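Data block below; observations after.
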Amino acid sequence: MPAVPSLREPSQRVSPRARLMWTAEALLQVLVMSIVPIVLIGPVDLFDVPWWAWVLFGLALAAYVAVVPSWRYLVHRWEVTETAVYTQTGWWARERRIAPMSRIQTVDLVEGALARLFRLATVTATTASAAGALEIAGLDRDVARRLADDLTLRADTVEGDAT
């Protein structure tokens, strides 16, 4: 009888390059978040904002860029065993999920534009769960390709064993 999966911390970290990608994403987000206040308060002059508010705004954005990518890297983990896929995500709220191999319906490999620059990819295992698919973001591209192939094979083997 196979061992029952337990909700524990998965053993594998994502690629260290994921921190760089998440930092680039954070910088892009900060750039977009900065445009609106600068346009509304700068040339349009809709609000009178004291200088210290700009400093606080800048410090908050800099803290976001400095903290979030490293924090995500420390939290995001994954693992695949003979019987299940484990993931851990989040940064304010931590979410740990297990998907038994027998529940995996599809496996997707996604390489976004920014991820391609860092040779990273995301593997998504879709199940019938109301919680949605399990996503493992920030994997080395080659690891992600092997993982997608492996999960597809394992899910197919489990499904074939059930029939």
Residue match in segment 42-52 (condition: surrounded by fewer than 18 Cβ atoms within 10 Å (Cβ to Cβ), assigned to a loop (DSSP other than H, G, I, E, B), β-branched (Val, Ile, Thr) and modelled with pLDDT under 90): yes
Residue list for segment 99-118, restricted to those being over 13 Å from the mean Cα position of the chain (by Cα), not aliphatic (A, V, I, L, M) and not in a strand (DSSP E or B): Ser102, Arg103, Arg116, Phe118
Residue identified as farther than 14 Å from Pro10 by Cβ, of a type in the set (Gly, Ala, Ser), open to solvent by less than 50 Å² (accessible area, probe 1.4 Å) and over 14 Å from the mean Cα position of the chain (by Cα) among Ala148, Ala131, Ala121: Ala148
Selected residue (only one of Ala131, Ala121, Ala125 is more than 27 Å from Thr23 (Cα to Cα) and in contact (Cβ under 8 Å) with a residue 24 or more places away in the chain): Ala131
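Just checking, which of Arg19, Arg77 is under 16 Å from the mean Cα position of the chain (by Cα), modelled with pLDDT of 90 or more, within 21 Å of Ala148 (Cβ to Cβ) and not polar (S, T, N, Q)?
Details: Arg19 fails: within 21 Å of Ala148 (Cβ to Cβ).
One residue alone meets the criteria, Arg77.
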Condition broken by Gly138, with the remaining ones in (1) of a type outside the set (Asp, Glu); (2) in a helix (DSSP H, G or I); (3) open to solvent by less than 70 Å² (accessible area, probe 1.4 Å); (4) touching a residue at least 40 places away in the same chain (Cβ under 8 Å) satisfied: (2)
Selection from segment 87-113 of residues that are surrounded by fewer than 14 Cβ atoms within 10 Å (Cβ to Cβ) and either touching a Pro at 6+ places or on another chain (Cβ under 6 Å) or of a type in the set (A, V, I, L, M, F, W, C) (or both): Trp92, Ala93, Val110, Ala113
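The values are calculated or read from the model by the stated rules, or taken from the named source; none is laboratory data. Everything numeric here is computed off the predicted structure, so don't read it as measured data. Glycine also receives a Cβ, built like all others from the backbone with ideal geometry; neighbour counts cover every protein chain displayed. Surface accessibility is based on the protein's heavy atoms, side chains included, excluding ligands, DNA and RNA. Shrake-Rupley method; radii C 1.70, N 1.55, O 1.52, S 1.80 Å.
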